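Remarks on the structure that follows.
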Amino acid sequence: MGAREREMEKGLVSIDRWGDGSQAYFLTHLHTDHTSGLSSKWSRGTLFCSATSAELLSTKFPDFDLSLIRVLEVGVTQLVLLRSPSSGSEVRLLVTPIDAHHCPGAVMYLFRGEFGCVLHTGDFRWEIMNERAVMAKKTFMDALEGSKIDILYLDNTYCHPSFSFPTREVASQQVIDIINSNPDHEVIIGIDTLGKEDLLLHISQALGMKIWVWPERLKTMHLLKLNSNFTTNTSLTRVRAVPRYSLTHETLSSLNTFHPTIGILPSGLPWRSKFLEKTPAAVAAATNLNDKTPLTKLHQYAFSVQYSDHSCFSEIQEFIRTFRPSKAAGLVSSSSYCINPRYYFSHLYENHHIRDVSCKDFRSKLDRKFEYEQRDNFVCKREKLSSLGGRVGAIRKGKLGAKIAEGEESEHLIL
Ligand SMILES: [Zn+2]
């Protein structure tokens, strides 16, 4: 059977999907948009994940049946035996979890077997000069043993040329520079319930002070053994990490009536809709695709820094160029901003001549469509965001800052 026809039989494995009908379930990482359907009452089958995810899972879902978790060591190939739903014969599945360098515990999965070779990235960042990516690449090459990837399921969150941002090391320094240049200000930084720990740690070490986090976040820091740099005591620090949804224009304005405060939003997204005034000039600036300034002052109190845990366009390109899959599919399709990787990268696929027909024409049409949609969506989604912000704000007040999953990590969903 040719590589192009090979696919894994349905009913064998699910990755970040939690419905009925699979023999093995694989979790890439614990961001909310990857655990929808998973709960403390999980009983559908064995769940495979990294050791860090297993630890975090039991705090996220306190009554989870731990006997259903099977921990896979990152970088190590393991054999999983399954049974073909159609023929009943044994299926030998080789699985290698590989560091995704996204958030704590995040892995990509490389599957190999009679069905061929399938790579699922989950969410990933491919900073090729970073030693973790160098290690991941070596693990890939060793595990592949010369075989090619038949199907790549790819994190295409930023699969458009307009998404260009610096390494996280550079972006971290930008955040520190902002804080240092505002010595008399309190600082709030918008984060999710998991992720961006390296950024916060870097800030804490550079400034020589602890960072405030909310109590549930401190529990996570304890689990990750990072708690010595964090506190829930506001009197110890002027830097606070707060849930991303609570970092709004309204919050900053109201905090500034008590004390000078700046807000910093670390995110790969170039848009600035959250903080901009509704003036035509502001709308034009927010939708300017050529504006790749990584550090932007959005508002008199608010800064955006392009610190992203997802790969930017050039990193996705480098990833595909390295592995040259036969086919690729984007994992994100829920937003009009998310582009099928075929449109830009089909020429890098193995056997690309077979399916590269008219992609060039299609790409230029797509670029225009993308620009129009950004402009159109900016206005209507800004309205949606305002109403969401109001609703979440109300819920938050009621729950005194307890975790609310809405908008978490789904950078592509909350524009
Ligand atoms: Zn994620």
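What to note about this one:
- Each label was represented as a point 7 Å from its Cα along the Cα-to-Cβ direction; for Ser235 and His222 these points are 2.2 nm apart.
- Neighbour-count order for Asp99, Asp20, Asp309, fewest beta carbons within 10 angstrom listed first: Asp20, Asp99, Asp309
- Full-extension gain in nm, Gln173 to Lys41, via 0.36 nm per residue minus C-alpha separation: 43.3 nm
- For the peptides 106-112, 157-163, the ranking by packing is 106-112, 157-163, with the highest mean count of neighbouring Cβ atoms within 10 Å listed first.
- Full-extension gain in nm, Arg92 to Ser333, via 0.36 nm per residue minus C-alpha separation: 83.7 nm
- Surface/4 of the Cα convex hull for the stretch 112-256, nm²: 11.9
- Distance from the alpha carbon centroid of the stretch 72-86 to that of the stretch 127-144 works out to 21 angstrom.
- When Met135, Met221, Met8 are arranged by Cβ crowding within 10 Å, least crowded first, meaning fewest neighbours, the order is Met135, Met8, Met221.
- The spacing between the stretch 241-256 and the stretch 186-205, judged by their C-alpha centroids, is 15 Å.
- Restriction of the GluC sites (Glu not before Pro) in the stretch 113-155 to DSSP coil positions whose beta-carbon has at most 14 other beta-carbons within 10 angstrom yields Glu114, Glu145.
- Exposure proxy shown here: for Phe26, Phe313, the number of other Cβ atoms within 10 Å sets the order, fewest to most, as Phe313, Phe26.
- The modelled label-to-label distance between Val71 and Asp20, using points 7 Å beyond Cα along the C-beta direction, is 3.3 nm.
- Pairwise Cα distances in the stretch 72-117 exceed 18 Å for 38 percent of all pairs.
- Temperature 4 °C, viscosity 1.567 mPa s: under these conditions the Stokes-Einstein estimate for the stretch 92-194, based on its Kirkwood radius over C-alpha pairs, is 80 µm² per second.
- Label separation (Phe61 vs Asn180): 4.4 nm, computed from points 7 Å beyond Cα along the C-beta direction.
- Shown is the FRET efficiency for His259 and Lys10, computed with R0 = 60 Å from the Cβ-Cβ distance and rounded to the nearest 0.05: 0.55.
- Amide hydrogen neighbours beyond the local backbone of Ala302, cut-off 5 Å, H modeled: Gly263
Laboratory data are not the source of any read-out in this text; all were calculated from the coordinates shown. This is a predicted model, so every value here is computed, not measured. Neighbour counts run over all protein chains shown; Cβ positions are idealised from the backbone, glycine included.
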